[in-house]
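Presented below is the structure to which this report refers.
The values are calculated or read from the model by the stated rules, or taken from the named source; none is laboratory data. This one's a predicted model, so the numbers in the text were calculated from it and none came from an experiment. Using ideal geometry, Cβ is built from the backbone for each residue, glycine included, and neighbour counts are taken over all protein chains shown.
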Amino acid sequence: MFGSAIIVFRETLEAALLIGIIAAATRGLSGRNLWLAIGVGAGLAGSLVVAGLTETIADMAEGSGQELFNAAVLGIAVLMLGWHNIWMATHGREMAAQAKSVGNAVRSGQREMSAVAILIALAVLREGSETALFLYGLAASAGSSRASLLGGGLLGLAAGVAAGWALYSGLARIPLRHFFTVTSTLILFLAAGMAGQMARLLVQGDLLHAFSTPLWDSSSLLPMDSLLGNLLHLFAGYEARPSGMQVLFYVATFTIILAGMRWSRTRSPLRSPQTT
Amino acid sequence: MRALLFAALLFPLASTAADLELGLTIKDHRFTPAELKVPAGKKIKLVVSNQDSTPEEFESHELNREKVIAGNGKATIYVGPLTPGKYPFFGEFNEKTARGVIIAE
């Protein structure tokens, strides 16, 4: 029971943390909860479809279909996160500076929120399809321990959701002055980490050159299965043995989004009254 | 636009074919062979066939690899080129029994 709880917890955690951060970052935008719910719902439905199609997807692209599919999901998520951060670089500051005129940003925020829904759906889809497969495997395997394993799975799911919720509540306590700096920094690292994962998958599927395997090995210093290693992996895309390509994707994504945020900030100064 | 440009730049870095192909079977939540000897410095195409009806996830921190394999399904995983050493792997969904190691020499 404990084992299945841990596996489901690990699969759920990544999506739950992302949702926690995004939910916090979009605080105050109208219809946010509805868009989040649409994202989660679409993601869960998609998970079941993808789980059912695992074999078909795996057989595509000469056996590298799964990598290609997941890399595409990650790629779109990175674009959405980048866009969110660049959008927030101006609107977030405005919202923080003049909390009462949020109504303006709210109207222009609807397009942004639909992007957020897609982002959440993709995060749920990626982790959810693996969880669905795992739980299906449990359900399919006969044995008296089945109920307890499934119970463990539910427990893990609940723990993952609780972790996402805890992060959200923690972020919501940050004073508005620092709030957008904190959330956009978190998102910047998340996006770079996802881009790194995307590169790892493309290398694993032999679709991209690895450059160097690994570029460095810090596994004796900070192993991936340690608590700190795991947390850094989740929040900042830490890898103990990254390939050169992975590091390249990471650094490039980080730089491009950061440059976009700077550009967006200088283009639309804080004092401009109309922001659309 | 920048992403496109980036993609175009990366195009020449597309990968070259693997040097050798190896098979790995999952049955009763165990890997056979549990120990794979491979030459160091070569890229390997690992074809994992899952003969169980339940899905499995091939995972290795040492190899930096992770892939779900459907029940009664097959999956291709590229590894290496590896420096000489031991690279343990396991099946995440049945971690107690599904264990193996790649030895590069």
- Task: For residues that are more than 11 Å from chain B (Cβ to nearest Cβ) and over 19 Å from B:V68 (Cα atoms), scanning just the range A:63-84, find the one that is surrounded by the fewest Cβ atoms within 10 Å (Cβ to Cβ).
- Result: A:I76
- Message: Show the residue pairs meeting these rules: Cβ distance below 6 Å; 6+ apart or different chains; first residue within the range A:114-133 and more than 21 Å from A:I7 (Cα to Cα); second residue polar (S, T, N, Q) and surrounded by fewer than 24 Cβ atoms within 10 Å (Cβ to Cβ).
- Response: A:V116/A:T26
- Message: Return the residues of the range B:44-62 that are more than 8 Å from chain A (Cβ to nearest Cβ) and in a loop (DSSP other than H, G, I, E, B); say none if nothing qualifies.
- Response: B:Q51, B:D52
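Per-residue answers, yes or no, for (1) over 19 Å from the mean Cα position of the chain (by Cα); (2) at pLDDT below 90:
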{"residue": "A:F189", "(1), (2)": "no, no"}
{"residue": "A:E239", "(1), (2)": "no, no"}
{"residue": "A:A252", "(1), (2)": "no, no"}
{"residue": "A:T255", "(1), (2)": "no, no"}
{"residue": "A:R262", "(1), (2)": "yes, no"}
{"residue": "A:L270", "(1), (2)": "yes, yes"}
- Among the residues of the range A:121-170, which ones are surrounded by fewer than 18 Cβ atoms within 10 Å (Cβ to Cβ) and polar (S, T, N, Q)? A:S141, A:S144, A:S145, A:S148, A:S169
- Message: Condition check: of a type in the set (D, E, K, R) and exposed (fewer than 13 other Cβ atoms within 10 Å of the Cβ). Does A:R173 satisfy that?
- Response: yes
- Query: Failed condition for A:D206, given (1) within 24 Å of A:V247 (Cα to Cα); (2) within 11 Å of chain B (Cβ to nearest Cβ); (3) among the acidic types (D, E); (4) under 16 Å from the mean Cα position of the chain (by Cα), with all others met?
  - Reply: (4)
- Message: If I filter the range B:71-93 for residues that are among the acidic types (D, E), out of contact with any helix residue (DSSP H, G or I) (no Cβ under 7 Å at 6 or more places or on another chain) and either within 13 Å of chain A (Cβ to nearest Cβ) or over 19 Å from A:A71 (Cβ atoms) (or both), do I get at least one hit?
- Response: no
- Residue check: is A:I86 out of contact with any Ser or Thr (no Cβ under 6 Å at 6 or more places or on another chain) and at pLDDT 85 or above? no
- Task: Taking the options A:G3, A:G41, A:G63, name whichever one is modelled with pLDDT under 90, out of contact with any Leu (no Cβ under 9 Å at 6 or more places or on another chain) and of a type outside the set (K, R).
- Result: A:G63
- Item | Residues satisfying the stated conditions in the range A:7-43, i.e. surrounded by fewer than 17 Cβ atoms within 10 Å (Cβ to Cβ) and either assigned to a helix (DSSP H, G or I) or under 12 Å from the mean Cα position of the chain (by Cα) (or both) | A:N33, A:L34, A:A37, A:G41
- Item | Residue check for B:T25: more than 13 Å from every other protein chain (Cβ to nearest Cβ) and either over 26 Å from A:R146 (Cβ atoms) or in a strand (DSSP E or B) (or both) | yes
